[in-house]
Amino acid sequence: MYIWPVQPLQTQIVIVGAGPGGAAAALKLHALGIPCVLIDQAVFPRDKVCGDAISGKAATLLNRLDPEFMASFRERTDQQIGAWGIQFVAPNGTAVDIPFKFPYDKDREPAPGYVAKRLDFDQLLIEKVLSADSIQFHQGIRIEHYERTALGYRISNSDGTFIVDCTLLILADGANSGFARKEAGLEKDLRHHAGAVRAYFKNVEPLHPDNFIELHYLKEVNPGYFWIFPLPNGYANVGLGMRSDFIKKQKINLREVFLQTVKEHPLLAHRFSRATLESPVLGYGLPLGSRPRPISGDHYLLVGDAGHLIDPLTGEGIGNAIYSGFIAAEQAQKCLETDDYSASFLKAYDQRVARVLGSEMKLSYQLQRMLRYPWLTNTLANWISRHHWLVELISRMYTDLELRKQLVNPLFWGRVLKKLLFS
Ligand SMILES: Cc1cc2nc3c(=O)[nH]c(=O)nc-3n(C[C@H](O)[C@H](O)[C@H](O)COP(=O)(O)OP(=O)(O)OC[C@H]3O[C@@H](n4cnc5c(N)ncnc54)[C@H](O)[C@@H]3O)c2cc1C
């Protein structure tokens, strides 16, 4: 039997991966009136191992792109829960509640952050993608081969039944991106990478009345943290993450430490006494942005986790994936206008991403290293928990990066100590 050769699909822009980064790039291109092909190996709705916290940054960016999207997300109260702050718990058990906004009024304002299962959140983004006529979306296709051509790239699945030729390739295929590793040369660096596990529980008690997400800094998981993030209908996303070089050095089995923490940790186990485990404990990697990397080259751009853009302190990656997706779309527009897809022209993408995320990543990395000293974390938590003005000041740091930089300035803490001693 003669098998007809597959006719390659011809397009200018292809995005591989339809998670938050890829979907954001496609939706931004749509808003700019530029068609694209979007491909994902999964058929949606699909799960993604994550803590499910949707930060204020992610919510603000999506609201900027399409206020209706965020409005419909907020209406889905069975799928998302509004989060009003973060509870930081030091190794000695001292809890510090830092609201995202100070003061806040739950009855009058939309929540600054959310927690929503990625199964639901990503599906909502995909619904938006499906309603955009300029996005040609192919689900259930895993791209295995990338071949450089005279005009750009030819990509295909394993058996060659799906082939696309494009001039610009946007890789948003996540933490295990084959292209990022093999073609772009972004090897895994354990000092700038974290491993994490998460599971869904029901009836973890008590949860914060204003749905603060909880980060517990434990001596056993350092640098890293154990988290409890509330979800609707009595569920919670519970997990544990740690820097990969320490996991390796200390030969830590994250899944075991996680289950042991839930069962036996003196500060946490009682909260799980009536809780039921509602899912398997699943793990995944987090490529951290603490080491700046090249994220573009001839005819390609790396977005989100594929470009190692996760915050090294918080593990937040959804907001940065969306941000880089938007910037990639705007860069693609410039490429089309100038017909220039060269590595030197695409460097402008790296520079813009570095401008909007670079200082934040650097600061988060400094804070990650600072919090490695339990005595220091305990001391700071003790100070902050006793002084309302400090809580208010630190709350303002969520949105004011210049102010946040004070956290790693010894002079700032010196002034705080002076005020605590003499006021
Ligand atoms: C345990 C854990 C907890 C986390 N908690 C949080 C949190 O609470 N908040 C937060 O903001 N971030 C969190 N993160 C980080 C966050 O999950 C990622 O930063 C975010 O998902 C990045 O989005 P992305 O679009 O770059 O990649 P992804 O969301 O991973 O999407 C990549 C997409 O590419 C597709 N794909 C992959 N390979 C191929 C291929 N070869 N062909 C076709 N398609 C392909 C996949 O199916 C997937 O849909 C956490 C991560 C982990 C591991």
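Taking segment 25-63 as the range and being closer than 26 Å to Val164 by Cβ and part of a helix (DSSP H, G or I) as the test, the residues that pass are Ala25, Ala26, Leu27, Lys28, Leu29, His30, Ala31.
Each row is one residue, and each column tells you yes or no for (1) surrounded by fewer than 20 Cβ atoms within 10 Å (Cβ to Cβ); (2) in a helix (DSSP H, G or I); (3) out of contact with any Pro (no Cβ under 8 Å at 6 or more places or on another chain).
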{"residue": "Ala150", "(1), (2), (3)": "yes, no, yes"}
{"residue": "Ile155", "(1), (2), (3)": "no, no, yes"}
{"residue": "Gly160", "(1), (2), (3)": "yes, no, yes"}
{"residue": "Val164", "(1), (2), (3)": "no, no, no"}
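Within segment 306-326, the set of residues being more than 6 Å from the ligand (Cβ to nearest atom) and in a loop (DSSP other than H, G, I, E, B) comprises His308, Leu309, Asp311, Pro312, Leu313, Thr314. Of everything listed in (1) within 16 Å of the ligand (Cβ to nearest atom); (2) surrounded by fewer than 20 Cβ atoms within 10 Å (Cβ to Cβ), the single unmet condition for Gln80 is (2). Thr11 - would you say it is polar (S, T, N, Q), surrounded by fewer than 18 Cβ atoms within 10 Å (Cβ to Cβ) and touching a residue at least 12 places away in the same chain (Cβ under 8 Å)? Considered against the rule, which asks whether it is polar (S, T, N, Q), surrounded by fewer than 18 Cβ atoms within 10 Å (Cβ to Cβ) and touching a residue at least 12 places away in the same chain (Cβ under 8 Å), Thr11 comes out as yes.
Among the residues of segment 172-183, those that are open to solvent by less than 20 Å² (accessible area, probe 1.4 Å) and either touching a Cys at 6+ places or on another chain (Cβ under 8 Å) or more than 7 Å from the ligand (Cβ to nearest atom) (or both) comprise Phe179, Ala180.
Scanning segment 247-288 for residues that are in a helix (DSSP H, G or I), open to solvent by less than 70 Å² (accessible area, probe 1.4 Å) and either free of Cβ contacts under 8 Å to residues at least 12 places away in the same chain or within 16 Å of the ligand (Cβ to nearest atom) (or both) yields a total of 7.
Screening segment 1-24 for residues that are among the hydrophobic types (A, V, I, L, M, F, W, C) and in a strand (DSSP E or B) and picking the one that is nearest to the ligand (Cβ to nearest atom) gives Val16. Do we have Arg198 as within 11 Å of the ligand (Cβ to nearest atom), buried (at least 21 other Cβ atoms within 10 Å of the Cβ) and either among the basic types (Lys, Arg) or closer than 22 Å to Pro45 by Cβ (or both) here? For Arg198, the condition - within 11 Å of the ligand (Cβ to nearest atom), buried (at least 21 other Cβ atoms within 10 Å of the Cβ) and either among the basic types (Lys, Arg) or closer than 22 Å to Pro45 by Cβ (or both) - is met. Apart from one condition, Glu330 fits all of (1) touching a strand residue (DSSP E or B) at 6+ places or on another chain (Cβ under 6 Å); (2) assigned to a helix (DSSP H, G or I); (3) within 30 Å of Thr167 (Cα to Cα); the exception is (1). Selection of segment 341-351 for residues being open to solvent by 50 Å² or more (accessible area, probe 1.4 Å) and within 24 Å of Gly33 (Cβ to Cβ) yields only Phe345.
Residue pairs whose Cβ atoms lie under 7 Å apart, sitting 6 or more positions apart in sequence or on different chains, and linking a residue in segment 393-411 that is without any contact (Cβ under 8 Å) to a residue 12 or more places away in the chain to a partner that is part of a helix (DSSP H, G or I) and open to solvent by 50 Å² or more (accessible area, probe 1.4 Å), are Leu403/Arg396.
The values are calculated or read from the model by the stated rules, or taken from the named source; none is laboratory data. Everything quoted here is computed from the prediction, not taken from an experiment. As a convention, Cβ positions derive from the backbone with ideal geometry for all residues, glycine included, and neighbour counts pool all protein chains shown. For the accessible areas, the whole protein counts, side chains as well, though only heavy atoms, and no ligand, DNA or RNA atoms are used. Shrake-Rupley method; radii C 1.70, N 1.55, O 1.52, S 1.80 Å.
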